[in-house]
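Student: Shown below is the structure under consideration.
The values are calculated or read from the model by the stated rules, or taken from the named source; none is laboratory data. This structure is a prediction, so every number in the text was calculated from the model and none was measured. FYI the Cβ positions are ideal-geometry reconstructions off the backbone, even for glycines, and counts take in every protein chain you see. Accessible surface is based on the protein model in full, side chains and every heavy atom, while ligands, DNA and RNA are left aside. Shrake-Rupley method; radii C 1.70, N 1.55, O 1.52, S 1.80 Å.
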Amino acid sequence: MHEFKQLLRDAAGALGISLMENMCERFLRYYRLLIEWNEKFNLTSLIEPRDVAIKHFIDSLTCLLVHNPAGGARVVDIGTGAGFPGLPVKIVREDLHCTLVESTGKKVSFLRHVAGALGMTGVDVACGRAEDLARHVHYRASFDLALARAVAPLPVLLEFALPFLKTGGLFIALKGPAVQEELPASGNALNILGGTVKEVKTVFLPLTGDERKVVLIEKTGPTPEKYPRRPGVPQRRPL
Ligand code: SAM
């Protein structure tokens, strides 16, 4: 599995991110656990080493191309699934405190197992809906950075993410080219929830050339108390 580590190192290097040997080793162990658990639970449709390396691990690291969080920053990954993008970011930036929010119990079990097996500290796996957890005193308005990939259209995602952030905090949404249609539909949600789009960066993944849009949003004002609405309401009636 030397090739797997070299592939990761080269691909991250192409994005300007340098991976240390201990990080590559953790990615390899994460990959092995993903494949092992995937036989029992459906965690990912991608199983080939190259696909997981590029389309899960490297794709997750594109968050770091629009923002370099301060050491010790509190980061929340909403709808993390098998850990993307939060765990790869945490592997590269061990100094961050990372909360992984996921509503499916079997995925939560996987994430807790991976965090333990990789010997990671500063990882909190929160089992529940973002709409409920964002109302919890321990989580509401307490994060510096929120991340999300492949969870919901942007107007819905904003209602999940912005309540978790402190004013001045940042939200990074990993999206595909279709975000160009979601952005104009997000104006109302941004106004109501207190967010401003700072940047939409186009990234082409190394090796595959797949196009990604990394959207950086700043929380510019407090989110009104009534948001997020009850679980399921943001999807049924987007702002
Ligand atoms: N972010 C991961 C990725 O990019 O591979 C997982 C994407 S998967 C399509 C969406 C995940 O979000 C699922 O694991 C689902 O259980 C979780 N999810 C969806 N809505 C959620 C909510 N309101 N609160 C917490 N988790 C949610």
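Student: Could you tally the net charge around Ala146, taking each other residue with its Cβ under 13 Å from the Cβ of Ala146, Lys/Arg +1 and Asp/Glu -1? Could you put the intermediate results ahead of the total?
Tutor: Numbers: positive: Arg74, Arg140, Arg149, Lys166, Lys219; negative: Asp77, Asp144, Glu159, Glu218.
Residues near Ala146 contribute +1 overall.
Student: In the stretch 68-236, what percentage of the DSSP-assigned beta bridges are antiparallel, given to the nearest 5?
Tutor: Working: 15 of 34 bridges.
For the stretch 68-236, the DSSP antiparallel bridge percentage is about 45.
Student: Please name whichever of Ser18, Leu158, His136 sits farthest to the positive end of the charge dipole of the chain, dipole taken about the Cα centre and charges placed at Cβ: Lys and Arg +1, Asp and Glu -1.
Tutor: Sorting the options by dipole projection puts first His136.
Student: Here's something else I'd like to know. If you roll a 1.4 angstrom probe over the protein chains with everything in place, what fraction of the accessible area of the stretch 68-236 belongs to carbon and sulfur, to the nearest %?
Tutor: On the way: 3310 of 6400 Å².
The value for the stretch 68-236 is 52 percent carbon and sulfur by accessible area.
Student: Any idea of the accessible area per residue across the chain, 1.4 Å probe, to the nearest Å²? Don't jump to the answer; show the numbers that get you there.
Tutor: Details: 9830 Å² over 239 residues.
On a per-residue basis, the chain sits at 41 Å².
Student: Longer than 31 Å from Cα to Cα, which of Lys5/Lys175; Lys106/Lys213; Lys40/Lys226; Lys5/Lys106 are they? Say none if no pair is. Spell out each step's value before the answer.
Tutor: Numbers: Lys5/Lys175 26 Å; Lys106/Lys213 29 Å; Lys40/Lys226 39 Å; Lys5/Lys106 28 Å.
Flagged as over cut-off: Lys40/Lys226.
Student: Just to be sure I understand: with springs between alpha-carbon atoms less than 10 Å apart, which residue in Ala117, Ala130, Ala148 has the highest mean-square fluctuation in the Gaussian network model of the chain?
Tutor: Ala117
Student: Could you list the chymotrypsin sites (Phe, Trp or Tyr not before Pro) in the stretch 36-108 that lie in coil according to DSSP, counting only those with at most 14 other Cβ atoms within 10 Å of their Cβ? Don't jump to the answer; show the numbers that get you there.
Tutor: On the way: sites: Trp37, Phe41, Phe57; in loops: Phe41.
For chymotrypsin sites (Phe, Trp or Tyr not before Pro) across the stretch 36-108 that sit outside H, G, I, E and B with at most 14 neighbouring Cβ atoms in 10 Å, the list reads Phe41.
Student: Could you pull out the trypsin sites (Lys or Arg not before Pro) across the stretch 8-67 that fall in loop regions by DSSP (anything but H, G, I, E, B) with no more than 13 other Cβ atoms inside 10 Å? Write out the running numbers ahead of the final one.
Tutor: Numbers: sites: Arg9, Arg26, Arg29, Arg32, Lys40, Arg50, Lys55; in loops: Lys40.
Answer in residue order: Lys40.
Student: Given charges of +1 on the Cβ of Lys and Arg and -1 on the Cβ of Asp and Glu, with all other atoms neutral, how large is the dipole of the chain about its Cα centre, in debye to the nearest 20?
Tutor: Values: 30 positive and 25 negative charges, 128 e Å.
The dipole of the chain has a size of about 620 debye.
Student: Mean Kyte-Doolittle of at least 0.5 plus a Cα span of 20 Å or more along the axis: flag which DSSP H helices in the chain meet both, please.
Tutor: Details: long enough: 21-38 (25 Å, -0.63).
Going by DSSP H runs, there are no hits.
Student: Using modelled amide H (1.01 Å from N, peptide plane; none on Pro or chain starts), what sits under 5 Å from the amide H of Val76, excluding residues fewer than 5 places away?
Tutor: Thr99, Leu145, Ala146, Leu147
Student: When the chain is treated as a GNM, springs tying every alpha-carbon pair under 10 Å, which of Phe164, Phe204, Phe84 comes out with the largest mean-square fluctuation?
Tutor: Of the options given, Phe204 has the highest mean-square fluctuation.
Student: Quick query: amide H of Gly169 versus all other amide H atoms, modeled in the peptide plane; which residues come in under 5 Å with a sequence gap of 5 or more or a different chain?
Tutor: Lys219
Student: Give me, ordered by chain and number, the residues 5 or more places off Asp210 or on other chains with an amide H under 5 Å from its own placed amide H.
Tutor: When sequence neighbours closer than 5 places are left aside, the close amide H contacts are Leu205.
Student: Count charges around Val52 for me, please; just the other residues with Cβ under 11 Å from its Cβ, Lys/Arg as +1, Asp/Glu as -1.
Tutor: Local net charge: 0.
Student: Excluding residues fewer than 8 places away in the same chain, name every one of the aspartates and glutamates whose C-alpha is closer than 16 Å to that of Lys107.
Tutor: Counting by Cα, and skipping residues close in sequence, Lys107 has these aspartates and glutamates nearby: Glu36, Glu39, Asp77, Asp124.
Student: Which of these, Phe160, Phe110, Phe171, has the largest mean-square fluctuation under a Gaussian network model of the chain (Cα springs below 10 Å)?
Tutor: Phe110
Student: Along the stretch 169-178, what does the Karplus equation 6.51 cos²θ - 1.76 cosθ + 1.60 (θ = phi - 60°) give for ³J(HN,Hα), rounded to whole Hz, x for Gly and Pro?
Tutor: x, 10, 10, 10, 10, 8, 9, x, x, 5
Student: Moving on to the next point. By a straight-distance test (C-alpha under 16 Å), which lysines pair with Lys219 as possible cross-link partners, with residues fewer than eight away in the same chain excluded?
Tutor: Lys166, Lys198
Student: To continue, here is another question. Which one, Pro228, Ala70, Pro49, projects farthest toward the positive side of the charge dipole computed for the chain from Cβ point charges (K/R +1, D/E -1)?
Tutor: Pro228
Student: Run the quick spin-label model on Met1 and Lys226: label points 7 Å from Cα toward the beta carbon, then report their separation in nm to one decimal.
Tutor: Distance between label points: 5.1 nm.
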